[in-house]
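Here the structure is laid out as structure tokens; the discussion comes afterwards.
The values are calculated or read from the model by the stated rules, or taken from the named source; none is laboratory data. Source: prediction; values computed, not measured. Glycine also receives a Cβ, built like all others from the backbone with ideal geometry; neighbour counts cover every protein chain displayed.
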Amino acid sequence: MSRQETTSTETAILDGLSEPSALRLLPESQLQAVADAVRAEMIDAVSVTGGHLGSGLGVVELTVALHHVFDTPDDRI
């Protein structure tokens, strides 16, 4: 399986999320899969364009959790 096929498979869950508010509809048990998919997309993008990963990878779970709990963009965070 190529890198592109692996990435597409790993990030398929993101295709169903058209906006951040869609995260509130997911059960908590699927949020880690979303975070993993976001991380895979970030790694794929940086492997092509270059750049820094550390800070972005460190806030993935936090960002997913905030969008799951709060009514973004209506709630102020």
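Here Ala40, Ala22 are screened, and the one residue that is in a helix (DSSP H, G or I), in contact with an Asp or Glu (Cβ under 8 Å, 6 or more places away or on another chain), at pLDDT 90 or above and not β-branched (Val, Ile, Thr) is Ala40.
Look at (1) at pLDDT below 90; (2) assigned to a helix (DSSP H, G or I) and you find that Thr63 fails only one, number (1). Return yes or no: is Glu5 closer than 15 Å to Thr63 by Cβ and either surrounded by fewer than 16 Cβ atoms within 10 Å (Cβ to Cβ) or at pLDDT 90 or above (or both)? Considered against the rule, which asks whether it is closer than 15 Å to Thr63 by Cβ and either surrounded by fewer than 16 Cβ atoms within 10 Å (Cβ to Cβ) or at pLDDT 90 or above (or both), Glu5 comes out as no.
Selection of first residues in segment 59-77 that are in contact (Cβ under 8 Å) with a residue 24 or more places away in the chain and among the hydroxyl-bearing types (Ser, Thr, Tyr) and of second residues that are loosely packed, with under 12 Cβ neighbours inside 10 Å and in a loop (DSSP other than H, G, I, E, B), restricted to Cβ pairs under 9 Å at least 6 apart or on distinct chains, gives the following pairs, ordered by first then second residue: Thr72/Glu19.
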